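Engineer: Sharing a structure, written as structure tokens. Questions coming.
The values are calculated or read from the model by the stated rules, or taken from the named source; none is laboratory data. Only a predicted model underlies this, so the values are computations on that prediction, with no experimental measurement involved. Neighbour counts run over all protein chains shown; Cβ positions are idealised from the backbone, glycine included. In case anyone asks, the SASA skips ligands and DNA or RNA and just uses the protein heavy atoms, side chains included. Shrake-Rupley method; radii C 1.70, N 1.55, O 1.52, S 1.80 Å.
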Amino acid sequence: MVGSVHGLNEDLRINGAVEPLPEDFDATSLVMDPVPPAVVDNGNEEVQVYKEKEKRLIVLGRNIHTMSLEVTEPDADDDITGDREAHIASVLARYKRALTERTKHHLGYPYNLDFDYGALSQLQHFSINNLGDPFIESNYGVHSRQFEVGVLDWFARLWELEKNEYWGYITNCGTEGNLHGILVGREVFPNGILYASRESHYSVFKAARMYRMECVKIDTLWSGEIDCDDFKAKLLRNQDKPAIVNVNIGTTVKGAVDDLDLVIKKLEEAGFSQDRFYIHCDGALFGLMMPFVKRAPKVTFKKPIGSVSVSGHKFVGCPMPCGVQITRLDYVNALSRDVEYLASRDATIMGSRNGHAPIFLWYTLNRKGYRGFQKEVQKCLRNAHYFKDRLVEAGIGAMLNELSSTVVFERPHDEEFIRRWQLACKGNIAHVVVMPNITIEKLDDFLNELLEKRTTWFQDGKDQPYCISADVGEKNCLCALHK
């Protein structure tokens, strides 16, 4: 079967048999998590229905040691025989075939795989490092700051912040953008409380742990959007401390967009003036899509926000993880420090930063421009609506938020099927993120295979489609209770 452990082991092994897990390894000792209860509407009473003793194993990734590629010392005569180079070339060729196959079945994670950076291969011979402040050249001369600042200027214009009013840098990933945005908020308000919805990306709560910040989780609506009434209620309990707020421009699982204007309104209603709150906008995926969606609310620094971050390897399609973080220049001074070793200043989280990433981003922004991104956004939204409608027509519960290309639906009952299509799952739901490389043909192939599998899963009547009403609302659930 495609993607099986055995197939990869045979394809990628180097020397002899792969060493199996110890015989005394107990697979049942993995963390167990109960299946979320189905919710039955019984008048005004919600009755939780559990199947007897039913539990779902948290399916952890495969132990990479079962298919690791051993590093061995060259033989004494390798320079003469060339066996080593031939062997390495063979391994890489097989790995490329494996990547090509896995890319064909990539649906659950928000990466745009539709790119061609052949023109930039000439730069791979250089060790390009943008260590330190992007706006201050250091003693290290092999950098790409001129590309980085060009990219930052583009995003500052997108979010309506003047050149002389912003500071930012290209991060190593989306998580670093969140870590930096929240760190700036903490430096501006050292005793502030971090507020984030329960459906925020896990990196937001990682930041709270790393910085030892008090963190208050806010309830969400079934759409995944922050519950602003609960937000205000929790603000009122802590009026003596400033608020550092994470606003989601597209949640991880459901693609929900928090209402920025309503969040600001609730802060004001709770007595928080603009000098007592800091808002970080996590726009990992949709932060770059929203500006090109008609009637979508604007994410702009003309509103009282402190920072915005997006991922560069998601909608833009950079082949290596990276991101963009923009904040107000006045705020970053609290972080910035002189570094004599660099002959520069630094307010970033990491030291060395990938100097190739800004070039890839600059290249794509120049080739596509605003009109190119607008076309791709419209295509993604159109294909997402097509996929959601086809799921519902097939009797599969599904939900698509208005401003999103993330289609949420019933979790498949086969973990191998989930791995094959690389679906992201949480509880009873899974999702497909429709990106520019996801075609109608690929969505049809996935759906046809899913429908074929469902006839097998449910043929004897022992298993039933999961109830997802608690996750996406009753109107979007098509289980036996809510059809």
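Engineer: About the Cα centre, and with charges only on the beta carbon of Lys, Arg (+1) and Asp, Glu (-1), how big is the dipole of the chain? Nearest 20 debye, please. Could you put the intermediate results ahead of the total?
Structural biologist: On the way: 57 positive and 68 negative charges, 315 e Å.
Approximately 1520 debye in magnitude.
Engineer: Among Y331, L361, F277, flag the residue with its Cα farthest along the positive direction of the charge dipole of the range 122-367, charges on Cβ as +1 for Lys/Arg and -1 for Asp/Glu.
Structural biologist: Highest projection toward the positive end goes to L361.
Engineer: Return the equivalent ellipsoid semi-axes of the range 122-367 as a descending list in whole Å, where each equals the square root of 5 times an eigenvalue of the C-alpha gyration tensor.
Structural biologist: 31, 20, 15
Engineer: Specify whether the C-alpha gyration tensor of the range 394-483 places it in the rounded, prolate or oblate class, a ≥ b ≥ c being the square roots of the eigenvalues: rounded for a/c under 1.5, otherwise prolate if a/b is larger than b/c and oblate if not.
Structural biologist: Here the range 394-483 falls in the oblate category.
Engineer: Continuing with the same structure: Could you do me a favour and compute the accessible area per residue for the chain, 1.4 Å probe, result in Å²?
Structural biologist: On the way: 24200 Å² over 483 residues.
Heavy-atom SASA per residue in the chain reads 50 Å².
Engineer: State, to one decimal in nm², a quarter of the convex hull surface area for the C-alpha atoms of the chain, i.e. the direction-averaged projected area.
Structural biologist: 27.9 nm²
Engineer: Between D259 and K298, what is the spin-label point distance in nm, taking each point 7 Å from the Cα along the Cα→C-beta axis?
Structural biologist: Each label point is offset 7 Å from its Cα along the Cβ direction, giving 2.0 nm.
Engineer: Determine, for each peptide in 428-435, 265-272, 351-358, 111-118, the mean count of other beta carbons within 10 angstrom over its residues, then list the peptides with the highest first.
Structural biologist: 428-435, 351-358, 265-272, 111-118
Engineer: Based on the alpha carbon coordinates of the range 192-313, what radius of gyration and maximum Cα-Cα distance (Dmax) apply, in Å?
Structural biologist: Reported Rg and Dmax, both Å: 13.5, 40.
Engineer: Let me ask another. Using Cα-only point scatterers and the Debye equation, what is log10 of I(q)/I(0) for the range 332-433 at each q in 0.15, 0.19, 0.21 Å⁻¹, rounded to two decimals?
Structural biologist: Listed by q, the Debye log ratios stand at -0.84, -0.96, -1.04.
Engineer: Determine the dipole magnitude for the range 369-476: charges of +1 sit on the beta-carbon of Lys and Arg, -1 on that of Asp and Glu, nothing else is charged, the reference point is the Cα centre, and the result goes in debye to the nearest 20.
Structural biologist: Values: 15 positive and 17 negative charges, 93 e Å.
Value, rounded to 20: 440 debye.
Engineer: Would you mind giving the average projected area, over all directions, of the Cα convex hull of the range 71-206 in nm² with one decimal?
Structural biologist: Details: hull surface 58.5 nm².
Across all orientations, the range 71-206 yields a mean hull projection of 14.6 nm².
Engineer: Let me ask something else about it. Post the alpha-carbon centroid distance, the range 139-195 to the range 68-125, in whole angstrom.
Structural biologist: After rounding, the separation between the Cα centres reads 33 Å.
Engineer: Restricting to lysine pairs 8 or more places apart or on different chains, what number in the range 141-242 have Cα atoms under 25 Å apart?
Structural biologist: Step by step, the pairs that qualify in the range 141-242 add up to 8.
Engineer: Count the lysine pairs in the range 369-476 whose Cα atoms sit under 29 Å apart, keeping only pairs 8 or more residues apart in sequence or on different chains.
Structural biologist: For the range 369-476, qualifying lysine pairs total 21.
Engineer: Sorting check: for 458-465, 165-172, 292-299, 361-368, which peptide has the highest mean count of neighbouring beta carbons within 10 Å, and how do the rest follow?
Structural biologist: 165-172, 361-368, 292-299, 458-465
Engineer: For the range 354-450, which whole percent of the accessible surface, found with a 1.4 angstrom probe, sits on carbon and sulfur atoms?
Structural biologist: Of all accessible area on the range 354-450, carbon and sulfur atoms account for 47 percent.
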